[in-house]
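Presented below is the structure to which this report refers.
Just so it is clear, none of the values below were taken in a lab; they were calculated from the coordinates. Bear in mind the structure is a predicted one, so any value in this text is a computation, not a measurement. Because the Cβ atoms are built from the backbone with ideal geometry, glycine has one as well, and the counts that use them run over all protein chains shown.
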Amino acid sequence: MTGVLLTQYQGTFIGPVAWVLGKLMDGVFILLNAIGIPNTGLAIIIFTFVIYMCLMPLTIKQQKFSKLQVKMAPELKVIQDKYKGRKDQDAMVAQQEEMKAVYGKYGVSQTGSCVQLIIQMPILFALYRVIDSIPAYVTSVKDVFVELANKLIVTSGSADFMQTLSGASRYSKQFSNASFTAGTVNDYTTNTYIDVLNKASSADWQSLSSKFPELSSLVDSTHAHVVSLNNFLGLNIGDSPSYLLHNAMSAKSVLLIIAAISVPVLAALTQWINVKLMPQQAPSSNDPNDQAAQMANTMKSMNTIMPLMSAFFCFTLPAGMGFYWIAGSVVRSIQQVFINKHIDRMDLDAEIAKNQEKYQKKLEKMQERTPNINQYAKYNTRNLSAMANTNVADSFSDETKNKMTEQEKTEALSKANSYYESGKARKTSLLSKANMVRDFDEKNK
């Protein structure tokens, strides 16, 4: 059965997520087939919409944290300024404790929305994998290729020719597999042929028909079926906008030129709108050493670069990826409008109070599970003092230790304590630790 699933992404973490999303995409195609409009572009849009709606609760939590983070920023900035330039351990620990107290005040974790991002990232990566290899996950689309793939497998010269097609390079490892080189019809070889045919451009299909004239009728009918599935708003989403633009310019078709350019332009524009709708944190200062300012400036730069990158990728990748990019940005933008309205109407003070209550209960539960610190202090004072006493006595010979009276041992310990109180003792020494615990114990009597 491994061969049947070969064209599906097999990553340890992303693979299972992609399998689940693939089942969802297959369900979308079954629904579209049932109502008589099977179309890859429409399926991608519906699929993307469903996924982002499922992710909406996580998105709202993430945006709430961003809103609270903006409100916390001035207080965090004061703490950072307070310890600016201090790199000693005591200062760093004190700064961390004060910042932790601020996060506790607002009832949020310092890790912020990391959990939401950790959950979302595998889903988004898997989403790309499914859309990139639809025949691997959607049975009705794969069936369109099967007959042609099996005929090509037993046709002389087809294996070498398939490796010359535009999308073949990414499957180079599969071409060297023993199941493929056997030249027989099997799941592995069939799936490899389908992988390549799925990435073939219109030019590749024409070359295939010319190379194997005995199969030209089947090649043309398969290509026509694939085009009917991939035709969305007058564009073949299996071709890249760059390829479509080249053909449109050769044919001097103004409408096709506009359509081809529209995909990367809309991808960049919708991405830019989506970024603008998200909560933005302005730089708190122009100080190059201010970490918050550096983070804000970095995000500002990324927000400018990302739309441009979207345009570039959507110009060179198949148009289907561009439609996915556009659909995702549009859905996120619509979500963001509603989320912004929801957060703007939200009583932030009440939300903070609610978060503080939750945070306090969490702390109380943690304290219930932790033994009383005073008990530890008393226990450690006795033990560490005894260890320190032993440490002082160890400086004498065995014979001297045996002759030492209790009074002499007490005097030796007193001298050690005086040395600690003078500030000359290392903070990491056993004696310092013993006395620190003793001081804590005395303070909390």
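With 10 angstrom as the radius, rank Lys361, Lys105 by how many other C-beta atoms surround their C-beta, starting from the fewest.
Going from sparsest to densest Cβ surroundings: Lys361, Lys105.
Hey, with R₀ at 45 Å, roughly what FRET efficiency would Asp220 and Lys23 work out to, going by the Cβ-Cβ distance, to 0.05?
That pair, Asp220 with Lys23, gives E of 0.90.
Among Asp88, Asp204, what is the fewest-to-most ranking by other Cβ atoms within 10 Å?
Asp88, Asp204
For the pairs Lys61/Lys100; Lys67/Lys361; Lys71/Lys365; Lys100/Lys354; Lys142/Lys252, note any where the Cα-Cα span goes beyond 29 Å.
Lys142/Lys252
Provide Met56, Met72 in ascending order of the number of other Cβ atoms located within 10 Å of each residue's Cβ, fewest first.
If I rank by nearby Cβ atoms, fewest first, I get Met56, Met72.
Between Phe161 and Ser210, 0.36 nm times their residue separation minus their Cα-Cα distance comes to what?
16.5 nm
Classify segment 204-243 as rounded, prolate or oblate, taking a ≥ b ≥ c as the square roots of the eigenvalues of its Cα gyration tensor: rounded when a/c is under 1.5, otherwise prolate if a/b is larger than b/c and oblate if not.
Note, shape of segment 204-243 comes out oblate.
Ranked highest first by average number of other Cβ atoms within 10 Å, how do 57-66, 212-221, 145-154 line up?
Descending mean neighbour count gives 145-154, 57-66, 212-221.
Taking amide hydrogens as modeled 1.01 Å from N in the peptide plane, which residues meet the under 5 Å criterion relative to Gln163, leaving out close sequence neighbours?
Placed amide hydrogens put nothing under 5 Å from Gln163.
For labels at Met309 and Ile273 in the simple 7 Å Cα→Cβ model, what's the distance in nm?
Between Met309 and Ile273, the label points sit 2.2 nm apart.
Which value in nm describes the separation of the simple spin-label points at Arg170 and Gln360, placed 7 Å from the Cα toward the beta carbon?
5.4
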